[in-house]
Amino acid sequence: MDMRYFEKIVANLQKVNETQAKSIQKAASLMADAIEQDRLINVYGGGGHTTLCMGEMFFRAGGLANINPIAENGLTVFNQALKYLELERTVNYGSAIMKYYKLQKDDLLIVFHNIGINPATIDAVMEAKKAGAKIVAVSSSHWQNEMPADHFIRHPNKTNLFDYADVCIDDFNPVGDAVIEIDGFDTPIAPISNIVDFYIAHMLEIECVKECQLRGITAPCWSSANTPGGDQKNAAYLEKYSPRIKML
């Protein structure tokens with residue numbers, strides 16, 4: 001079996017571990033602040049497969065119960081492919097989504113978009129900054145730095161996601177995402193962005209819960225609804241958060 005994909009994933013994860021630990025801990029501290037202040041932790045994916053990271057953190061066994069997905073079906077892979085591709089390149093679409101969720105001053109917003117230059121991402125973070133939100137960005141410095149300034153998928157203002165973030169977490173996703181080349185085949189295959197970003201998402205949760213324990217706070221976490229007693233354990237969180245989280 002070809003082990004190159006495994007090796008490239010492990011190498012990327014190792015680079016995250018070696019270089020992004022402080023940023024992950026800083027972001028986790030902001031998440032713990034939100035829990036301590038009884039705020040929601042808002043999560044947004046700027047289009048396509050990055051929206052799956054938002055789903056990975058929401059209503060997940062062992063995940064934080066105060067996650068509020070800034071969800072727009074038009075940007076997800078469950079929309080028609082050509083439609084979501086067009087929408088994530090549409091100026092002001094991201095700001096309209098963010099306006100609907102009415103973030104307040106000092107609210108926390110975690111943004112996943114490994115490319116980090118498209119209008120649906122940039123407009124969303126600009127709107128969140130206007131509201132006074134704190135922003136954690138999970139993205140790739142490679143995409144942001146290596147894509148031409150005049151590339152058509154960029155926001156017209158030519159800025160990058162990391163330009164707006166209070167905390168930047170680099171996933172080191174390579175331009176093009178797919179990392180395996182097969183002899184005689186001219187298209188790279190096997191993307192790695194979601195595997196790495198899912199890892200970062202769960203490391204944020206782990207470090208957040210650890211920080212809450214240090215502060216003497218009980219982090220709100222879902223039990224698996226499919227295990228005996230799971231629904232009963234989750235009932236109190238559902239009562240607390242259902243009126244506040246639009247997707248519950």
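Readers should treat all values here as calculations from the given coordinates under stated rules, not as data from a laboratory. All figures in this text were calculated on a predicted structure; none of them were measured in a lab.
Calculated mean residue ellipticity at 222 nm for the chain: -13500 deg cm²/dmol, from DSSP H runs with n ≥ 4 weighted as -39500 (n - 2.57), summed, divided by the residue count and rounded to 500. Starting from the Cα gyration tensor of region 63-169, take the square roots of the eigenvalues, sort them a ≥ b ≥ c, and report rounded, prolate or oblate (rounded when a/c is under 1.5, otherwise prolate if a/b is larger than b/c, else oblate). It is oblate, given that a/c is not under 1.5 and a/b is not larger than b/c.
Apply the membrane-span-like helix rule to the chain: whole DSSP H runs, Cα extent along the own long axis of at least 15 Å, mean Kyte-Doolittle hydropathy at least -0.5. List the helices found.
Values: long enough: 4-19 (22 Å, -0.66); 21-36 (22 Å, 0.24); 119-131 (18 Å, 0.05); 193-215 (33 Å, 0.27); 230-241 (17 Å, -1.45).
Length and hydropathy pass: 21-36, 119-131, 193-215.
On the principal axes of its alpha-carbon atoms, region 1-44 has extents of 49, 20, 13 Å, going from largest to smallest. The largest-to-smallest principal axis extents of the Cα set in region 103-156 are 34, 20, 12 Å. A quarter of the convex hull surface defined by the alpha-carbon atoms of region 1-132 gives 9.8 nm² as the mean projection. When DSSP beta bridges are restricted to pairs lying wholly in the chain, around 15% turn out antiparallel.
The GNM of the chain, with springs linking C-alpha atoms under 10 angstrom apart, assigns the highest mean-square fluctuation among A201, A11, A137 to A11. Both radii are taken from the alpha-carbon atoms of the chain; with Rh as the Kirkwood radius, Rg/Rh is 0.97. Checked against a 24 Å cut-off, the cross-linked pairs K26/K210; K129/K233; K130/K246 give Cα-Cα distances beyond that limit for K129/K233. Derived from the Cα gyration tensor, the three semi-axes of the equivalent ellipsoid of region 167-229 are 37, 17, 6 Å, largest first. With a ≥ b ≥ c taken as the square roots of the eigenvalues of the C-alpha gyration tensor of region 107-224, please select rounded if a/c is under 1.5 and otherwise prolate if a/b is larger than b/c or oblate if it is not? Verdict is oblate for region 107-224. P(r) tail, region 148-199: Cα-Cα pairs separated by more than 13 Å, 70% of all pairs.
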